[in-house]
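Some notes on the structure that comes next.
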Amino acid sequence: MKTIDTETLLDAQNRRYATKQFDPAKKIPAVLWDALEQTLVLSPSSFGLQPWKFVVITNQATKDALLPQSWGQRQVADASHLVVFAVKHPLTAGDVRRHIERTAEVQGTPLEKLAGFEKIVAGFLEKPPYPLDLKEWSTRQVYIALGNFMISAALLGVDTCPMEGLDPAGYDKVLGLEGQGYFTVAACPAGYRAGDDKNAVLPKVRFAKKDVMVYHS
């Protein structure tokens with residue numbers, strides 16, 4: 001496995017910002033986009049349940065239709081690609097069984113050997129061991145995928161803008177998610193920053209490491 005050096009990693013992190021203006025003429029090459037889709041597929045989640053759908057939009061008419069549902073933020077319409085992150089709710093024993101069957105298929109493990117794990121996960125969903133809003137819990141898994149997507153994009157030189165400033169129900173309606181058991185959580189335009197986006201050159205504002213890091217020995 002090839003690894004990147006620390007300088008490459010930190011350069012990508014420092015270059016990344018919530019892009020406010022995209023160049024609508026610049027499109028993400030297919031080979032890069034395929035890799036970014038794979039990073040979404042490979043995103044980790046609790047129990048490996050993957051309680052999500054990633055709706056990828058390149059059609060300009062659809063992006064334009066989502067603009068009023070996005071508080072008029074032009075990134076949605078101008079970016080090369082728009083990814084909508086939707087959460088599956090409710091999660092059921094059927095979803096657990098689907099994951100178990102996929103595990104058996106991919107790893108070549110007999111289903112009976114996965115029965116104990118299936119029981120644990122199904123029990124967690126049916127009766128969580130602590131007070132828990134399962135939709136909120138699933139939403140947290142979706143944000144793991146969003147973060148993974150953003151950092152992967154930055155490493156490939158692709159700009160992104162994570163967005164919660166939208167009407168989830170409006171997105172669900174435009175995208176036909178209503179009644180499908182999936183609900184919009186966030187969106188992330190991806191593409192290339194416009195040359196005149198002044199935000200691209202602003203210093204990144206973060207607290208000093210000493211103010212946010214705590215060490216226990």
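Of these, Pro110, Pro68, which one is under 18 Å from Cys188 (Cα atoms), of a type outside the set (S, T, N, Q) and modelled with pLDDT of 95 or more? Result: Pro68 is the single residue among Pro110, Pro68 that is under 18 Å from Cys188 (Cα atoms), of a type outside the set (S, T, N, Q) and modelled with pLDDT of 95 or more.
Taking each residue of the stretch 13-35 that is under 11 Å from Lys204 (Cβ atoms) and looking for partners that are loosely packed, with under 15 Cβ neighbours inside 10 Å and of a type in the set (S, T, N, Q) with beta-carbon atoms closer than 7 Å, six or more apart or interchain, yields Tyr17/Asn199.
Counting the residues of the stretch 1-59 that are farther than 30 Å from Glu101 by Cβ and assigned to a loop (DSSP other than H, G, I, E, B) gives 18. Scanning the stretch 48-76 for residues that are under 15 Å from the mean Cα position of the chain (by Cα) and charged (D, E, K, R) yields a single hit, Lys53. Checked across the stretch 86-97, the condition of being closer than 21 Å to Glu164 by Cα, among the small types (Gly, Ala, Ser) and part of a strand (DSSP E or B) holds for at least one residue. Within the stretch 5-61, the set of residues being surrounded by 12 or more Cβ atoms within 10 Å (Cβ to Cβ), touching a strand residue (DSSP E or B) at 6+ places or on another chain (Cβ under 9 Å) and farther than 24 Å from Asp197 by Cα comprises Glu37, Leu40, Ser43, Ser45, Leu49, Gln50, Pro51, Trp52, Lys53, Phe54, Val55, Val56. Would you check if Glu37 is under 30 Å from Leu132 (Cβ atoms) and charged (D, E, K, R)? For Glu37, the condition - under 30 Å from Leu132 (Cβ atoms) and charged (D, E, K, R) - is not met.
Yes/no per residue for (1) surrounded by fewer than 13 Cβ atoms within 10 Å (Cβ to Cβ); (2) without any contact (Cβ under 8 Å) to a residue 60 or more places away in the chain; (3) over 29 Å from Pro68 (Cβ atoms):
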{"site": "Tyr130", "(1), (2), (3)": "yes, yes, yes"}
{"site": "Leu156", "(1), (2), (3)": "no, no, yes"}
{"site": "Pro162", "(1), (2), (3)": "no, no, no"}
{"site": "Leu175", "(1), (2), (3)": "no, no, no"}
{"site": "Tyr192", "(1), (2), (3)": "no, no, no"}
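The values are calculated or read from the model by the stated rules, or taken from the named source; none is laboratory data. The structure displayed is predicted, hence computed values, not measured ones. Virtual Cβ from ideal backbone geometry, glycine too; neighbours counted across all protein chains shown.
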